[in-house]
Amino acid sequence: MTSVINVNLAEQSYEIAIAPSSLDQLGQQMASLKLGKKVLLVSNPTIFKHFGERAITSLRDATRTLSFANASLTSAGFEVASCTLPPGERYKTLNSIQKLYDIALENRLERSSTMVALGGGVIGDMTGFAAATWLRGINVVQVPTTLLAMVDSAIGGKTGVNHPHGKNLIGAFHQPRLVLIDPDVLKTLPMREFRAGMAEVIKYGVIWDAELFAQLEASKRLDQLRYVKPDLIHAILMRSCQAKADVVSKDEKEGGLRAILNYGHTIGHAVESLTGYRLVNHGEAVAIGMVAAGQIAVELGMWQKKDTERQNALIQKAGLPTQLPTGVDIEEIIDALQLDKKVKAGKVRFVLPTEIGVVTVTDEVPSDIIRQVLRGM
């Protein structure tokens, strides 16, 4: 059975479809959208080895119905080319995008064509950005294979690549035509990547969904997929995706409310950048950032200490770090914050919690408070 969440937008709404074994239905799902015949499937070598041929077979076997005036024509499936890019944030660069452009040109992708992102957040971000900029914008379909991508990065249309001095500084908003989530693919996900995804899930509990937070607290373990009951996995996917859809539907391009989705990301992105995207992954950095943001809120009298302790207990239960990596210079973090995309008039905007399920955005956080909190980590 497929669960569907609608992302309602003024220009191009789309569905998030969640169902076991739905990877084999990718082609038919895309055929129903009446997309052009040519598809470029983008993945990394590991994910492609697990799921690439299944995805390609589904696309090639799909039955497409084309409408002409008062008649319709049944056509064979999609014409599929594929490309694999190296995994990891350090490869999320314009050089990788150039490779996608080259293959798009070689296969004569047109404005009706589609790029399909089969992978985690890095593949999704790069594929989305390439689709946003090839021929001034072609279709993109997101097929996330990591928990983090399923609950967060595949939804909402944020695409981009990193600059050597900051994460996601180069990018565009480009909404997908479809997000297809197959929970079964999580069975091949490395334990560290599962934990990384749990950071974003905990984020939703703090910023939007107190009931999800309570469900996570009731689970004995959150650090490995095998210890999380299937009904909780379903709840995690449904509630997290619904939270993201609700926020994006209200604020597609981060004019206001959508900024709350950056909870934990302000300091988290700085930590990622300063460690060269090698020492900590995105979810681990977000976890560190949430600990810092929670403590900043306590120091400013905005959040109760018991609530930050509840948050940090969940982070630890998920096997995520709560302290800064050894050797990271606090003053370098302070400097890196000025490169954050959310800086306005020279002031860094922080998302800070006021209660479980509620946050606020402020640019009135003194640097001394930031230093004090980071020194305590």
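The values are calculated or read from the model by the stated rules, or taken from the named source; none is laboratory data. Keep in mind that what you see is a predicted model, and the values were worked out from it rather than measured. Counting neighbours? That spans all protein chains shown, and the Cβs are built from the backbone with ideal geometry, glycine included.
Confirm whether Asp209 is surrounded by fewer than 23 Cβ atoms within 10 Å (Cβ to Cβ), of a type outside the set (Lys, Arg) and assigned by TED's automatic domain parsing to the domain that holds Glu309.
On the way: surrounded by fewer than 23 Cβ atoms within 10 Å (Cβ to Cβ): yes; of a type outside the set (Lys, Arg): yes; assigned by TED's automatic domain parsing to the domain that holds Glu309: yes.
Criteria met by Asp209.
Ile202 - would you say it is of a type in the set (Val, Ile, Thr) and out of contact with any Leu (no Cβ under 7 Å at 6 or more places or on another chain)? Break it down into steps so the answer makes sense when it comes.
Values: of a type in the set (Val, Ile, Thr): yes; out of contact with any Leu (no Cβ under 7 Å at 6 or more places or on another chain): no.
The answer is no for Ile202.
Of everything in segment 1-40 that's in contact with a Cys (Cβ under 9 Å, 6 or more places away or on another chain) and under 21 Å from Glu193 (Cβ atoms), which residue is surrounded by the most Cβ atoms within 10 Å (Cβ to Cβ)?
Top of the filtered list is Ile16.
Test Gly301 against the criterion of being in the same structural domain as Arg349 (by TED's automatic domain parsing) and on the phi > 0 side of the Ramachandran plot, and give yes or no. Step through it out loud before you land on a result.
Numbers: in the same structural domain as Arg349 (by TED's automatic domain parsing): yes; on the phi > 0 side of the Ramachandran plot: yes.
For Gly301, the condition - in the same structural domain as Arg349 (by TED's automatic domain parsing) and on the phi > 0 side of the Ramachandran plot - is met.
Give segment 325-376 a look and list any residue that's surrounded by 16 or more Cβ atoms within 10 Å (Cβ to Cβ) and assigned to a loop (DSSP other than H, G, I, E, B), or say none.
Passing the criteria: Val328, Leu339, Asp340, Lys341, Lys342, Val348, Arg349, Ile356, Gly357, Val365.
Go through (1) among the charged types (D, E, K, R); (2) touching a Pro at 6+ places or on another chain (Cβ under 6 Å); (3) at pLDDT below 95 and name the single condition Glu272 misses.
For Glu272, the exception is condition (2).
Could you list, in sequence order, the residues of segment 97-121 that are under 12 Å from Gly160 (Cα atoms) and at pLDDT 95 or above?
Step one: list which residues in segment 97-121 are under 12 Å from Gly160 (Cα atoms), which gives 97, 121.
Ile97, the sole residue that qualifies.
Of the residues Lys229, Lys244, Lys187, which single one is over 21 Å from Asn312 (Cα atoms) and either surrounded by 23 or more Cβ atoms within 10 Å (Cβ to Cβ) or in contact with a Gly (Cβ under 7 Å, 6 or more places away or on another chain) (or both)?
Values: Lys229 fails: either surrounded by 23 or more Cβ atoms within 10 Å (Cβ to Cβ) or in contact with a Gly (Cβ under 7 Å, 6 or more places away or on another chain) (or both); Lys187 fails: either surrounded by 23 or more Cβ atoms within 10 Å (Cβ to Cβ) or in contact with a Gly (Cβ under 7 Å, 6 or more places away or on another chain) (or both).
None of the other options fit; the residue is Lys244.
Six or more apart or on different chains, Cβ under 7 Å: which pairs go from a residue in segment 77-102 that's touching a residue at least 60 places away in the same chain (Cβ under 8 Å) to one that's surrounded by 19 or more Cβ atoms within 10 Å (Cβ to Cβ) and of a type in the set (Val, Ile, Thr)? Could you list them?
Hits for this filter: Gly88/Val122; Glu89/Val122; Lys92/Val122; Lys92/Val161; Thr93/Val161; Leu94/Val161; Ile97/Val161; Leu100/Val42.
Looking at Glu217, Glu211, Glu200, which one is within 20 Å of the chain's Cα centre (by Cα), closer than 27 Å to Leu352 by Cβ and acidic (Asp, Glu)?
Working: Glu217 fails: within 20 Å of the chain's Cα centre (by Cα); Glu211 fails: within 20 Å of the chain's Cα centre (by Cα).
Checking each option against the conditions leaves just Glu200.
Which of (1) assigned to a loop (DSSP other than H, G, I, E, B); (2) under 26 Å from Tyr91 (Cα atoms) does Trp303 not meet, given it meets every other one?
(2)
Can you name every residue in segment 87-103 that is under 18 Å from Ala55 (Cβ atoms) and assigned to a helix (DSSP H, G or I)?
First pass over segment 87-103, keeping only residues under 18 Å from Ala55 (Cβ atoms): 87, 100, 103.
Once the filter is applied, which keeps residues that are under 18 Å from Ala55 (Cβ atoms) and assigned to a helix (DSSP H, G or I), segment 87-103 yields Leu100, Ile103.
Just to verify a result, which residue in segment 10-61, among those that are touching a helix residue (DSSP H, G or I) at 6+ places or on another chain (Cβ under 9 Å) and hydroxyl-bearing (Ser, Thr, Tyr), is farthest from Ala154 (Cα to Cα)?
Taking the candidates together, the pick is Thr57.
Just checking, does segment 156-171 include any residue being surrounded by fewer than 24 Cβ atoms within 10 Å (Cβ to Cβ), without any contact (Cβ under 8 Å) to a residue 12 or more places away in the chain and in contact with a strand residue (DSSP E or B) (Cβ under 7 Å, 6 or more places away or on another chain)?
Checked segment 156-171: at least one residue is surrounded by fewer than 24 Cβ atoms within 10 Å (Cβ to Cβ), without any contact (Cβ under 8 Å) to a residue 12 or more places away in the chain and in contact with a strand residue (DSSP E or B) (Cβ under 7 Å, 6 or more places away or on another chain).
Is at least one residue of segment 131-145 crowded, with 22+ Cβ neighbours inside 10 Å, part of a helix (DSSP H, G or I) and out of contact with any helix residue (DSSP H, G or I) (no Cβ under 6 Å at 6 or more places or on another chain)?
Yes, some residue in segment 131-145 is crowded, with 22+ Cβ neighbours inside 10 Å, part of a helix (DSSP H, G or I) and out of contact with any helix residue (DSSP H, G or I) (no Cβ under 6 Å at 6 or more places or on another chain).
Grab the helices (runs of 4 or more DSSP H) fully contained in segment 188-293, keeping just those with 3 or more residues being within 27 Å of Ile370 (Cβ to Cβ) and touching a residue at least 24 places away in the same chain (Cβ under 8 Å). Give the steps one after another, and end with the answer.
Values: elements: 191-207, 210-218, 230-250, 265-274.
Those helices (runs of 4 or more DSSP H) span 191-207, 265-274.
Being outside any strand (DSSP E or B) and of a type in the set (S, T, N, Q) is the filter here; which residues of segment 105-130 pass it?
Matches in segment 105-130: Asn107, Ser112, Ser113, Thr127.
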